[in-house]
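Working notes, beginning with the structure itself.
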Amino acid sequence: MSGRCRRIDLFVRAGLITLARKNGWAPMMGGLQAVYAREIRLWRRFEVVSSIETWAGTQVIGKHRFVLDNGEAAALILTTAGVYGRKARPLPRH
């Protein structure tokens, strides 16, 4: 559940939720690919650094790095997301 909330948070901070609601669109998370390089032990501090790498039309690719307190990357996750039209409303074009 917390992963879903985190991803929706990206839509909110990017301003996409307001635009989507106004136009009757809904955000949808697609797939993900993950690479785990290091273990994150219980209670160890880490930071999740997220960015949008690229987009085409209604689809975006996000990158999420789990960075340990010493600067090492523990994991790298790439996600796909986008918007689809609810109630048969058209989606934005390029």
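Computed from the coordinates by the stated procedures, all read-outs in this text should not be read as laboratory data. Predicted model only: the values in this text are computed from it and were never measured. When we count neighbours, we look across all protein chains shown, and the Cβ atoms used for this are built from the backbone with ideal geometry, even at glycine.
Exposure proxy check: R65, R44 ranked by fewest other beta carbons within 10 Å? Could you put the intermediate results ahead of the total?
Working: R65 15, R44 12.
Ranked by crowding around the Cβ, least crowded first: R44, R65.
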Notebook entry, point to check: Fewest first, what order do D69, D9 take by the number of other Cβ atoms within 10 Å?
Noted result: D69, D9
Checklist line | Ascending count of other beta-carbon atoms within 10 Å, so fewest first, for W43, W25, W55 | finding: W43, W55, W25
